[in-house]
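> Can you keep this structure in mind? I'll have questions shortly.
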Amino acid sequence: MKLTPARLAELQACALALPGARRELLWDGVTVMKLEGKMFATFVADALAYKVADADFLALSGLPGVRPAPYLARAHWISVGDTAALSLADLQAGLAASHRLVLSKLPKKVRTAYGL
């Protein structure tokens, strides 16, 4: 099933609820979620993209409705346009994991402020 605007809005709210998350509108209407200025998710009209662990990239990008994210695949981002293979809970967990991956690359002082 395609990601609906209502489902995408629900996922955006989930991403925005993560500690330190900020929303920006870039690139002709793409909603970008950032943590300390670093992207961890993007939302367009019919898809969601987020960073995944290197070890999970190939397996996830081969699922139905999931593909490597355009322009960001080399950084191990996936794009989800269909919920055939990933449930809402899986997508919410993926957003949280992407947030943690980005946080883990930030300076120690910043990570400490977030309890990591």
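> Name the residue that is nearest to ARG100 (Cα to Cα), counting only residues in the stretch 36-46 that are modelled with pLDDT under 90 and aliphatic (A, V, I, L, M).
Among those residues, the one meeting the criterion is VAL44.
Yes or no, residue by residue, for (1) small (Gly, Ala, Ser); (2) under 23 Å from ARG7 (Cα atoms); (3) modelled with pLDDT of 90 or more:
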{"residue": "GLN92", "(1), (2), (3)": "no, yes, yes"}
{"residue": "ALA96", "(1), (2), (3)": "yes, yes, yes"}
{"residue": "VAL102", "(1), (2), (3)": "no, no, yes"}
{"residue": "THR112", "(1), (2), (3)": "no, no, no"}
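> Right, something else. Tell me whether the stretch 52-61 contains one or more residues that are touching a residue at least 40 places away in the same chain (Cβ under 8 Å), among the aliphatic types (A, V, I, L, M) and either surrounded by fewer than 16 Cβ atoms within 10 Å (Cβ to Cβ) or in a helix (DSSP H, G or I) (or both).
yes
> Another question about this same structure. Among the residues of the stretch 13-35, how many are under 22 Å from SER61 (Cβ atoms) and either at pLDDT below 90 or touching a strand residue (DSSP E or B) at 6+ places or on another chain (Cβ under 7 Å) (or both)?
Selection size over the stretch 13-35: 6.
> Counting just the residues of the stretch 74-116 that are hydroxyl-bearing (Ser, Thr, Tyr) and in a loop (DSSP other than H, G, I, E, B), which one comes out least open to solvent (accessible area, probe 1.4 Å)?
It comes out as THR83.
> Report every pair of residues separated by at least 6 positions or lying on different chains whose Cβ atoms are under 9 Å apart, first residue within the stretch 69-93 and among the aliphatic types (A, V, I, L, M), second open to solvent by 60 Å² or more (accessible area, probe 1.4 Å) and part of a helix (DSSP H, G or I).
Once the first residue is among the aliphatic types (A, V, I, L, M) and sits in the stretch 69-93, its partners that are open to solvent by 60 Å² or more (accessible area, probe 1.4 Å) and part of a helix (DSSP H, G or I) give ILE78/ASP56; LEU88/ARG7; LEU88/GLU10; LEU91/ARG7.
> Return yes or no: is MET33 of a type in the set (A, V, I, L, M) and surrounded by 12 or more Cβ atoms within 10 Å (Cβ to Cβ)?
yes
> Report, ordered by the first and then the second residue, all pairs with beta carbons closer than 9 Å, sequence separation of six or more or different chains, a first member in the stretch 19-32 that is in contact (Cβ under 8 Å) with a residue 12 or more places away in the chain, and a second member that is of a type in the set (Ser, Thr, Tyr).
Once the first residue is in contact (Cβ under 8 Å) with a residue 12 or more places away in the chain and sits in the stretch 19-32, its partners that are of a type in the set (Ser, Thr, Tyr) give PRO19/TYR114; GLY20/TYR114; VAL30/THR42; THR31/THR42.
The values are calculated or read from the model by the stated rules, or taken from the named source; none is laboratory data. Everything numeric in this text was worked out from a predicted model, so none of it was measured. FYI the Cβ positions are ideal-geometry reconstructions off the backbone, even for glycines, and counts take in every protein chain you see. Keep in mind that these areas ignore ligands, DNA and RNA; they rest on the heavy atoms of the full protein, side chains included. Shrake-Rupley method; radii C 1.70, N 1.55, O 1.52, S 1.80 Å.
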